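All remarks here apply to the structure that follows.
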Amino acid sequence: MPDTASACPSPIPVLATPAPPSPEDLAYSLTLPATLVSPAIARAATRTILRAYGLRDVMDAAVQVVGELAACACRFTPTAEVYVSLRYREGALRVILYDGHPRHSHPRLAAACDARRRAALRVLSCVVGACGGDWGFGEVREPGGGTRMWAVLPRAGAVGYAT
């Protein structure tokens, strides 16, 4: 048979057992509708992602944190969507939620709104504190504005959360 060129590249060999992804590679973002079901979807996605990246040991704390942030974002946003980001860096899971609620220009309104948001995140504060982490919220600097809420869960602290 004559040698013929193929338009298709050679197939990439498939490894029999691919290596599991490393926690340091974890970087996911989701845009969810600002509805009552979205916190449950965010928790389910977080469980799946953490299992895939070998982070089952932080799952209880992480799922609680994601659920609390998602519920708060959905409650406060005037927009149709919220944005969730999960990253694992330097031994800690970083969770960020963006909602479309802009910062109030009047100082008393801003203080009252911040107090309501802090009250809504009371459980989050307890979970993050028990894990030795940090959390907060503030104005989004990107175009479009809104609020950025975040929590950092050190793996060493989150491992002992459920015990």
**Prompt:** Largest first, how would SER38, SER125 line up by accessible area (1.4 Å probe)?
**Reply:** SER125, SER38
**Asked** 222 nm [θ] for the chain, helices only, -39500 (n - 2.57) per DSSP H run of 4+, per residue, to 500?
**Response** -11500 deg cm²/dmol
**Asked** If GLU142, GLU90 are ordered by their accessible area, calculated over protein heavy atoms with a 1.4 Å probe, which sequence runs from highest to lowest?
**Response** GLU90, GLU142
**Message:** Mean Kyte-Doolittle hydropathy of -1.0 or higher plus an axial Cα length of 24 Å or more: which whole DSSP H helices in the chain meet both?
**Reply:** 59-76
**Prompt:** With the Cα gyration tensor of the range 64-163 giving a ≥ b ≥ c as the square roots of its eigenvalues, does the rule (a/c under 1.5 for rounded; else a/b larger than b/c for prolate; else oblate) give rounded, prolate or oblate?
**Reply:** prolate
**Asked** Using r as the Cβ-Cβ distance of ARG116 and THR17, and R0 as 45 Å, what FRET efficiency do you calculate, to the nearest 0.05?
**Response** 0.35
**Prompt:** Gain in length, GLU139 to CYS126, computed as 0.36 nm per residue apart minus the alpha-carbon separation, to one decimal in nm?
**Reply:** 2.4 nm
**Message:** Please give the charge dipole size of the chain, origin at the Cα centre, charges +1 on K and R Cβ atoms and -1 on D and E Cβ atoms. Round to the nearest 20 debye.
**Reply:** 660 debye
**Message:** Rolling a 1.4 angstrom probe over the protein chains, ignoring ligands and nucleic acids, what is the accessible area of ILE41 in square angstrom, nearest 10?
**Reply:** 80 Å²
**Prompt:** What net charge is computed for the residues neighbouring ARG148, neighbours being all others with C-beta under 11 Å from the C-beta of ARG148, Lys and Arg scored +1, Asp and Glu -1?
**Reply:** -1
**Complete:** For SER85 and VAL37, extending 7 Å from Cα along the Cα-Cβ vector and measuring point to point gives, in nm, a value of 2.7 nm
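The values are calculated or read from the model by the stated rules, or taken from the named source; none is laboratory data. The structure displayed is predicted, hence computed values, not measured ones. Here Cβ is always computed from backbone atoms with ideal geometry, including for glycine, and neighbour counts include all displayed protein chains. Ligands, DNA and RNA are excluded from the accessible area calculation, which covers all protein heavy atoms including side chains. Shrake-Rupley method; radii C 1.70, N 1.55, O 1.52, S 1.80 Å.
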